[in-house]
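The values are calculated or read from the model by the stated rules, or taken from the named source; none is laboratory data. The structure displayed is predicted, hence computed values, not measured ones. Please note: Cβ atoms are built from the backbone with ideal geometry, for glycine as well, and neighbour counts cover all protein chains shown. Surface accessibility is based on the protein's heavy atoms, side chains included, excluding ligands, DNA and RNA. Shrake-Rupley method; radii C 1.70, N 1.55, O 1.52, S 1.80 Å.
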Amino acid sequence: MNAFYKLLVLVVAFGVAPAVPNASSPFAIDECPKLVITCPDELPESGKTYVVKVRVEGSDPAKKFSYKWSVSSGEIVDGQRTPTLKVRLTKPGESLTATVEVGGLPDNCGNTASCTFVFS
């Protein structure tokens, strides 16, 4: 059974329209840019500032994107509306999740990415 047939069966079974290129949406799902988010790999400490970054891979390098960050168990120090966020951990013993919503991607593509700092 080939991949197209499997996709077609899922589309019919779940009543979902397949993402195919058309005049209003020139990208198929597998042609969507990829969001790559990176969190520090060191053990987090309360009160310390960390940098979280996101990059869009597979898109026109001249394309401008918008960025909207949110964090749990911490505060944004700098970088709202940019691809690089500085965040400070404020709640000892709790994990912190940084989430970014990227604007300017095709409508049928995912536009959020998250990473989590975990206290051990």
Report, by residue number, each residue of the stretch 62-120 that is among the hydroxyl-bearing types (Ser, Thr, Tyr) and within 13 Å of residue 52 (Cβ to Cβ). 67, 70, 72, 82, 84, 97, 99, 114, 116
Scan of the stretch 37-64 for residues that are open to solvent by less than 70 Å² (accessible area, probe 1.4 Å), out of contact with any Lys or Arg (no Cβ under 8 Å at 6 or more places or on another chain) and farther than 9 Å from residue 83 by Cα, ordered by number: 39, 40, 44, 59
Given the criterion without any contact (Cβ under 8 Å) to a residue 40 or more places away in the chain and of a type in the set (Phe, Trp, Tyr), identify the matching residue among 50, 67. 67
What pairs come up if the first residue lies in the stretch 91-120 and is within 13 Å of residue 66 (Cα to Cα), the second is assigned to a strand (DSSP E or B) and of a type in the set (Asp, Glu), and their beta carbons are under 8 Å apart, counting only those six or more places apart or on different chains? 111/101; 112/101
Subset of the stretch 72-85, residues in a strand (DSSP E or B) and either basic (Lys, Arg) or over 16 Å from residue 45 (Cβ atoms) (or both), comes to 76, 78, 84, 85
Might you let me know whether the stretch 86-99 holds any residue that is of a type outside the set (Lys, Arg), exposed (fewer than 13 other Cβ atoms within 10 Å of the Cβ) and part of a strand (DSSP E or B)? no
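Results for (1) small (Gly, Ala, Ser); (2) over 15 Å from residue 37 (Cβ atoms), shown as yes or no for each residue.
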site: 52; (1), (2): no, no
site: 55; (1), (2): no, no
site: 64; (1), (2): no, yes
site: 79; (1), (2): yes, no
site: 91; (1), (2): no, yes
site: 97; (1), (2): no, no
site: 100; (1), (2): no, no
site: 103; (1), (2): yes, yes
site: 115; (1), (2): no, no
Quick check on my filter: what residues within the stretch 100-120 are open to solvent by 30 Å² or more (accessible area, probe 1.4 Å) and outside any strand (DSSP E or B)? 104, 107, 108, 110, 111, 118, 119, 120
Determine if the stretch 25-34 includes at least one residue that is surrounded by fewer than 13 Cβ atoms within 10 Å (Cβ to Cβ), assigned to a loop (DSSP other than H, G, I, E, B) and modelled with pLDDT under 90. yes
